[in-house]
Amino acid sequence: MTTQDALTDVPGVRVGHAQRTAADSPGWLTGTTVVLAPESGAVAGVDSRGGAPGTRETDALDPRNVVERIHAVVLTGGSAFGLDSASGVVSWLEAEGRGVPVGPDPAQVVPVVPAAVLFDLGRGGRWQARPDPALGREAVKAAAATEAGAPVPQGNVGAGTGAVVGGLKGGTGTASTVLRSGVTVGAVTAVNAAGSAVDPATGVLYGEMWDRLPHVPDDSTHSEAQRRLAEAREETGRRSAGVLRPPLNTTLAVVATDATITRAQAQKMAGTAHDGLARALRPVHLMHDGDTVFTLATCERSLKDGELNDLLAAAADVLTRAVVKAVLAAEGVDGPGGVFPSYGDLYGSGRQG
């Protein structure tokens, strides 16, 4: 079976991005990513471990509550303001007749769309440049328009458009794996962390330390990279002297599978997936991060005894790789809001994510 090494390898799951940058309008550097569930919805869970989460509809995912399936997940920039983008997704789903039936008319549905935000305000130079319902609608329409199993754009797209990680340009990344049982597990993430993705002693990406043969930059490349990164951080500090300190960030992710699991198991899977963030970002889950992981299960494949543990472990593994791919795919930005070099700018761009 051909795969894209992407969340969309999970059958029925689609991903769409929408973003605004200076190329569209001066002062913009933000975006929204929508993960669209199959029309029948998906079992879902969530686990927020950062100290400053910004979320919508996450209480609906508590296994004690009534909602059995959700219809989309929104990851977005714009801090709390960016939650407005979810309204555009909800209105599009309603127009498509997708949601929880609440009346005799088939059009009487209420879509359930959990959302989480990351902080990228002012990174393009304009504080008021933030996602709105129109951007959310654009992202969900982009998801719906993709073919099944389509590749997912990475880097400076969607919720990762204005993302920064440890002073480097962050971005959107995705990865997937197929277990021995045939179950597929995939992740998409918007990497925007106060912590770093890079070991300061070597320049190795933390997420690659779990590989057998991580890419290790030579000493001269690493020394020059550290010098350039320090200069970029200093320049960003000068440009954003009035912005709240310490910096506000947040890494967001959706991990999906075609396995049949319960809502409680989906919540457990969201928790173990955070281990993938902890491998790839240091430190993580800080008081000014809002790190949040959602899980989706389309429930198309049965799990045998003992296979749930494999699924939980795979959720962390694919999220680690998705973070690495996000950092490698990101492109540097030098705009009114600050200087954000990419890992490729500092260490070379000839590597594969």
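Which ones in region 1-28 are assigned to a strand (DSSP E or B) and under 17 Å from A145 (Cα atoms)?
Residues satisfying the conditions are R14, V15, G16, H17, A18, Q19.
Looking at region 78-102, which of the residues that are not acidic (D, E) and not in a helix (DSSP H, G or I) is surrounded by the fewest Cβ atoms within 10 Å (Cβ to Cβ)?
This residue is V102.
Looking at region 84-122, which of the residues that are in contact with a helix residue (DSSP H, G or I) (Cβ under 9 Å, 6 or more places away or on another chain) and charged (D, E, K, R) is nearest to P53 (Cα to Cα)?
Per the stated criteria, the residue is D120.
Return the pairs, sorted by first residue and then second, in which the second residue is of a type in the set (S, T, N, Q) and open to solvent by less than 20 Å² (accessible area, probe 1.4 Å), the first residue lies in region 296-314 and is in contact (Cβ under 8 Å) with a residue 12 or more places away in the chain, the beta carbons are less than 7 Å apart, and the residues are 6+ apart or on different chains.
Pairs that qualify, where the first residue is in contact (Cβ under 8 Å) with a residue 12 or more places away in the chain and the partner is of a type in the set (S, T, N, Q) and open to solvent by less than 20 Å² (accessible area, probe 1.4 Å), are A297/T257; L311/T257.
Is there a residue in region 48-56 that is open to solvent by 40 Å² or more (accessible area, probe 1.4 Å) and without any contact (Cβ under 8 Å) to a residue 12 or more places away in the chain?
No, that holds for no residue.
Within region 17-26, is there a residue that is under 14 Å from the mean Cα position of the chain (by Cα), among the hydrophobic types (A, V, I, L, M, F, W, C) and open to solvent by 10 Å² or more (accessible area, probe 1.4 Å)?
No, region 17-26 has no match at all.
Do we have any residue at all in region 63-77 that's crowded, with 20+ Cβ neighbours inside 10 Å, touching a Ser or Thr at 6+ places or on another chain (Cβ under 6 Å) and either of a type in the set (G, A, S) or at pLDDT below 95 (or both)?
Yes - at least one qualifying residue is present in region 63-77.
In region 322-342, what count of residues is obtained for those that are of a type outside the set (S, T, N, Q), under 23 Å from A280 (Cα atoms) and either touching a strand residue (DSSP E or B) at 6+ places or on another chain (Cβ under 7 Å) or part of a loop (DSSP other than H, G, I, E, B) (or both)?
Residues meeting the conditions: 13.
Against the definition (among the small types (G, A, S), open to solvent by less than 10 Å² (accessible area, probe 1.4 Å) and in contact with a Gly (Cβ under 8 Å, 6 or more places away or on another chain)), how does A322 come out, yes or no?
The answer is yes for A322.
Condition first: of a type in the set (K, R) and open to solvent by less than 50 Å² (accessible area, probe 1.4 Å). Now tell me which residues in region 325-353 satisfy that.
Listed by number, the list holds a single entry, K325.
Among the numbered criteria (1) in a loop (DSSP other than H, G, I, E, B); (2) of a type in the set (K, R); (3) under 26 Å from A297 (Cα atoms), which single criterion is violated by R137?
Unmet for R137, out of (1) in a loop (DSSP other than H, G, I, E, B); (2) of a type in the set (K, R); (3) under 26 Å from A297 (Cα atoms): (1).
Only one of these conditions is not met by L83: (1) touching a Ser or Thr at 6+ places or on another chain (Cβ under 9 Å); (2) within 17 Å of R263 (Cα to Cα). Which number is it?
Evaluating L83 over (1) touching a Ser or Thr at 6+ places or on another chain (Cβ under 9 Å); (2) within 17 Å of R263 (Cα to Cα) leaves (2) as the failure.
Considering (1) touching a helix residue (DSSP H, G or I) at 6+ places or on another chain (Cβ under 7 Å); (2) within 19 Å of R123 (Cα to Cα); (3) at pLDDT below 95; (4) not small (G, A, S), say which one D24 fails and leave the rest.
So D24 meets the others, but not (1).
Right, G306: closer than 16 Å to L61 by Cα and not hydrophobic (A, V, I, L, M, F, W, C) or not?
Here the answer is no, as G306 does not meet what is asked.
The values are calculated or read from the model by the stated rules, or taken from the named source; none is laboratory data. Bear in mind the structure is a predicted one, so any value in this text is a computation, not a measurement. Neighbour counts are summed over all protein chains in view; Cβ atoms, including those assigned to glycine, are modelled from backbone coordinates with ideal geometry. To get the accessible areas, we keep the full protein, side chains included, count just its heavy atoms, and leave off ligands, DNA and RNA. Shrake-Rupley method; radii C 1.70, N 1.55, O 1.52, S 1.80 Å.
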